[in-house]
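The values are calculated or read from the model by the stated rules, or taken from the named source; none is laboratory data. Since the structure is predicted, the reported quantities are computational estimates derived from the model, not experimental observations. Backbone-built Cβ (ideal geometry, glycine too); neighbour counts: all protein chains shown.
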Amino acid sequence: MLIKYKLGILLLMIAFASGQVLAADQGKAAAKPQAAEKKAVAEDPRAAAANKIILAADAARKKAGSVGGEWRDTGKMLKKAKAAVKSGAYDKAIKLAEKAGRQGELGYTQATSQQKLQLPSYVTVLYVNK
Amino acid sequence: MKKLLLLLSVLVMVMGFSLAVHASPEEDRLVFRKFYEKRFPNVATEDFINGAYSIDKAGRENWEAIEEFPPYEPFMERGREMWEKPFANGKGYKECFPDGPGVAHKYPHWDKKQQMVMTLPLAINQCREANGEKALKYKKGSINDILSYMAFESRGQITNVVVPKNDSSALDAYEQGKKFYYTRRGQLNFSCAHCHLQNAGMNLRAEMLGPALGHTTHWPTYRSKWGTVGTLHRRFTGCNKQVRAKPFKAQGEEYRNLEYFLTYMSNGLPLNGPGARK
């Protein structure tokens, strides 16, 4: 009776240990693709290029914002570009970031080109003909 | 002779531009008013307080039907309760606004002490914070209740914004607001003036662009699009987004200065808030 009891405990311990090992293996297996993905992102030259363009575009967005000239969708485009890099869609990320960068530049130019008040002619004419 | 005429034309244009730049707030207001009186000669000046409904007959009929059961009434009721209910410290709005709730015509004004444009929503929150209460959000939520009540109590008061002559900072704030109004923004490269001066009375899809004269008299406003009452700065935010510009912070300096300029343009017009719009 005691032997049966001890055998039972032994079997349970073996089953538990093997379960732990299996779970650990599964965990490692799940972690492997993530690490591999990160490695691929780090190694893919397009990822580095995309990140560089995103950084430049973000700087252009901030520059436009500093003069009150940021456009509505620039920040959203950059968020999408960052997400695209994470998912490995580098071409999409580059395209979005380039567009965002262009918006930043145009927003800055738009704001700085109007540093002085410019009244439209249909208004100025009324000042003259008061 | 031709050359002389050309030279004269250029001179007149240049002089006109420089006059416009150096015009006083009162000169600006007269020109603003003149523009709309010329554009809509059949509209009585006081009727501009009704926005697009002063020039859109079909829209006006719908609006008048809506006004029979004003959608902003529940907001006003809640606002009245807010006005009556003391804060946790026993004081209330009555202490901050001793002249009563009907004081919307005193805003915006130049606050010499704080050296900034003071708007009614900002004054409400300063009152709350001074009494240990949490500030309300500036675009949505219960600030619209108290504003609706105060606007209703202010009906009939006359818009009378003052830019003090002895304080250059006040004039600077006014000029900043004016510049904001005429500055092109966003991907669509539109200024406020493009829609509400140049194209007032034209249609954007099914909506008629309202004249800017009287734009500030009826806030806060229940907009069917919002399904609730919202503040003037919420509307500014929406306008900026529509031209694909990143909006500024509600009650930030940019929008307060804009409100200062825009309300000055409506000096002399009666308040008729809260309003109802599509």
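Side notes on the structure shown:
- Within region B:129-156, tally of residues that are surrounded by fewer than 18 Cβ atoms within 10 Å (Cβ to Cβ), under 15 Å from residue B:101 (Cα atoms) and out of contact with any strand residue (DSSP E or B) (no Cβ under 6 Å at 6 or more places or on another chain): 1
- Some residue of region B:174-186 being polar (S, T, N, Q) and part of a loop (DSSP other than H, G, I, E, B): yes
- On the stretch given as region B:226-278, residues that are β-branched (Val, Ile, Thr) and within 11 Å of chain A (Cβ to nearest Cβ) total 2.
- Residue satisfying condition, being small (Gly, Ala, Ser), closer than 17 Å to residue B:261 by Cα and at pLDDT 95 or above, within set B:104, B:130: B:104
- Taking (1) within 14 Å of chain A (Cβ to nearest Cβ); (2) in contact with a strand residue (DSSP E or B) (Cβ under 6 Å, 6 or more places away or on another chain); (3) not polar (S, T, N, Q) in turn, residue B:170 satisfies each apart from (1).
- Considering residues of region B:127-169 that are without any contact (Cβ under 8 Å) to a residue 24 or more places away in the chain and outside any loop (DSSP other than H, G, I, E, B) only, the residue farthest from residue B:28 (Cα to Cα): B:129
- Contacts under 8 angstrom Cβ, first residue in region A:49-65 being under 10 Å from residue A:101 (Cβ atoms), partner outside any helix (DSSP H, G or I), 6 or more apart: A:61/A:70
- In region B:228-239, the condition of being part of a loop (DSSP other than H, G, I, E, B), touching a residue at least 24 places away in the same chain (Cβ under 8 Å) and either in contact with a Ser or Thr (Cβ under 8 Å, 6 or more places away or on another chain) or surrounded by fewer than 22 Cβ atoms within 10 Å (Cβ to Cβ) (or both) is met by no residue.
- Every condition in (1) surrounded by fewer than 18 Cβ atoms within 10 Å (Cβ to Cβ); (2) away from every other protein chain (no Cβ under 14 Å) holds for residue B:221 except the one numbered (1).
- Look at (1) in contact (Cβ under 8 Å) with a residue 12 or more places away in the chain; (2) within 18 Å of residue B:118 (Cα to Cα) and you find that residue B:192 fails only one, number (2).
- Count of region B:39-94 residues, restricted to those that are aromatic (Phe, Trp, Tyr) and not in a helix (DSSP H, G or I), is 4.
- Summed over region B:56-112, the residues that are among the aliphatic types (A, V, I, L, M) and either exposed (fewer than 14 other Cβ atoms within 10 Å of the Cβ) or within 30 Å of residue B:166 (Cβ to Cβ) (or both) give a count of 5.
- Selected residue (criterion: nearest to residue B:36 (Cα to Cα)) from residues of region A:106-130 that are at the interface with chain B (Cβ under 7 Å from one of its Cβ atoms) and either among the hydroxyl-bearing types (Ser, Thr, Tyr) or touching a residue at least 40 places away in the same chain (Cβ under 8 Å) (or both): A:122
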